[in-house]
1. Restricting the first residue to the range 35-52 and requiring it to be assigned by TED's automatic domain parsing to the domain that holds E106, which pairs with a second residue that is surrounded by 15 or more Cβ atoms within 10 Å (Cβ to Cβ) meet a Cβ separation below 6 Å and a spacing of at least six or different chains?
2. Any chance you could count how many residues in the range 1-32 are surrounded by fewer than 18 Cβ atoms within 10 Å (Cβ to Cβ), touching a Pro at 6+ places or on another chain (Cβ under 8 Å) and in a strand (DSSP E or B)?
3. Residues in the range 107-128 that are outside any strand (DSSP E or B) and either without any contact (Cβ under 8 Å) to a residue 60 or more places away in the chain or surrounded by 15 or more Cβ atoms within 10 Å (Cβ to Cβ) (or both): how many?
4. Would you point out the residue of the range 50-88, among those that are out of contact with any helix residue (DSSP H, G or I) (no Cβ under 9 Å at 6 or more places or on another chain) and of a type in the set (A, V, I, L, M, F, W, C), that is surrounded by the most Cβ atoms within 10 Å (Cβ to Cβ)?
Amino acid sequence: MPTNKEFAIRMEDRPGTLGKVSRALADRGVNILAFQSCPSEGKSLVRIVVDNPTTGRTVLGNERVTFTETDIAQVKLPHRPGELARAALRLGEANININHAYCGVEPGTNAPLLIFGVADAGKAAAILDQTAAAASAS
């Protein structure tokens, strides 16, 4: 799978803030493919991957939320024991450190989608594509 864009959003850690941003994206037809949220320094750090990064960027800007945009590597792997280990080991063998990771679902198939935040998303995506192809063949 190719690289994709991840939006890291800093928002107030209070009821309704995530719902407001999610609703704004949905109202513009933007589907959230993967999502992670955790408290950080009195706020929440929310990471999302969407199906339409261009519109997603516009919506987040219109909502006046603070966010950064980075490239991530994503891969669809079979849902069976050892697949995360295989992917993580392959990245490690290539000396690629995983800064963060989380899961989502692939549009259309609802297959598990793994998201890896790494320094070199293009290199990681190529390695993960090879790993996925080997996993499909076995």
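1. Every condition considered, no pair remains.
2. 1
3. The qualifying residues number 13.
4. In this case the residue turns out to be A88.
The values are calculated or read from the model by the stated rules, or taken from the named source; none is laboratory data. None of the values given here were measured: they were computed from a predicted structure. Glycine gets a Cβ as well: all are built from the backbone with ideal geometry, and neighbour counts include every protein chain shown.
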